[in-house]
Amino acid sequence: MDVIFAGYYPLYNTILLIVSGFAVTWVHQAMAIGSFKEAIDGFCVTIGLGFFFIILQLTEYYEASFVISDGIYASTFFLLTGLHGFHVMVGVVFLSVCFIRLLLNHFLTNHYLGLVFAIWY
């Protein structure tokens, strides 16, 4: 990657997580007022940010100067970031299923509990 990315993956991923929190809140608010077009736009942004997070995480692993067997720091790093990366992947799957359900008109303005559960996750 470019020099601008070197060593800053945690910062970039943190920014992505904060922005995706705003985007998923945008989806929730759009659903609450019945603006399904806005919800679709918000879903696209949120899911896209989730995929970008996963790509950055994998790139960070690839470019790391250590491996999991290098000691307690490396083991802890890969364990914690790996579990969080898995959590993000599951969240992207949950939100993708909700996105498909929205496209299939499974949600109403007062009936979208599955989406709320996906957001809480």
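The values are calculated or read from the model by the stated rules, or taken from the named source; none is laboratory data. Please read all numbers here as calculations on a predicted model, not as lab measurements. Note: ideal-geometry Cβ built from the backbone for every residue, glycine included; neighbour counts use all protein chains shown.
Quick check, is THR81 surrounded by 14 or more Cβ atoms within 10 Å (Cβ to Cβ), β-branched (Val, Ile, Thr), in contact with a Pro (Cβ under 9 Å, 6 or more places away or on another chain) and assigned to a helix (DSSP H, G or I)?
Yes; evaluated as a whole, the condition is true for this residue.
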- Message: Return the residues of region 9-25 that are of a type in the set (Ser, Thr, Tyr) and within 10 Å of the chain's Cα centre (by Cα); say none if nothing qualifies.
- Response: SER20
- Item | Flag for GLY114 being among the small types (Gly, Ala, Ser) and either in contact with a Pro (Cβ under 7 Å, 6 or more places away or on another chain) or at pLDDT below 95 (or both) | yes
- Task: Among the residues of region 102-121, write down those that are under 16 Å from VAL24 (Cα atoms) and part of a helix (DSSP H, G or I).
- Result: LEU102, LEU113, GLY114, LEU115, VAL116, PHE117, ALA118, ILE119, TRP120
- Query: From the set of residues in region 45-98 that are within 18 Å of TYR8 (Cβ to Cβ) and among the charged types (D, E, K, R), which is farthest from the chain's Cα centre (by Cα)?
  - Reply: GLU63
- Query: Failed condition for GLY7, given (1) closer than 30 Å to PHE77 by Cα; (2) touching a residue at least 12 places away in the same chain (Cβ under 8 Å); (3) out of contact with any helix residue (DSSP H, G or I) (no Cβ under 6 Å at 6 or more places or on another chain), with all others met?
  - Reply: (2)
- Task: Kindly indicate whether ILE47 is crowded, with 17+ Cβ neighbours inside 10 Å, modelled with pLDDT under 95 and not basic (Lys, Arg).
- Result: no
- Task: Any residue in region 94-117 that's farther than 17 Å from ILE33 by Cβ: show its pairings with residues that are in a helix (DSSP H, G or I) and among the aromatic types (Phe, Trp, Tyr) at Cβ separation under 7 Å, as long as the two are six or more apart or on different chains.
- Result: LEU95/PHE43; PHE99/PHE43
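Listed here are the residues, each with its yes/no results for (1) buried (at least 17 other Cβ atoms within 10 Å of the Cβ); (2) in a loop (DSSP other than H, G, I, E, B); (3) hydrophobic (A, V, I, L, M, F, W, C); (4) at pLDDT 95 or above.
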residue: TRP26; (1), (2), (3), (4): yes, no, yes, yes
residue: ASP41; (1), (2), (3), (4): no, no, no, yes
residue: THR59; (1), (2), (3), (4): no, no, no, no
residue: SER65; (1), (2), (3), (4): no, yes, no, no
residue: SER69; (1), (2), (3), (4): no, no, no, no
residue: HIS87; (1), (2), (3), (4): no, no, no, yes
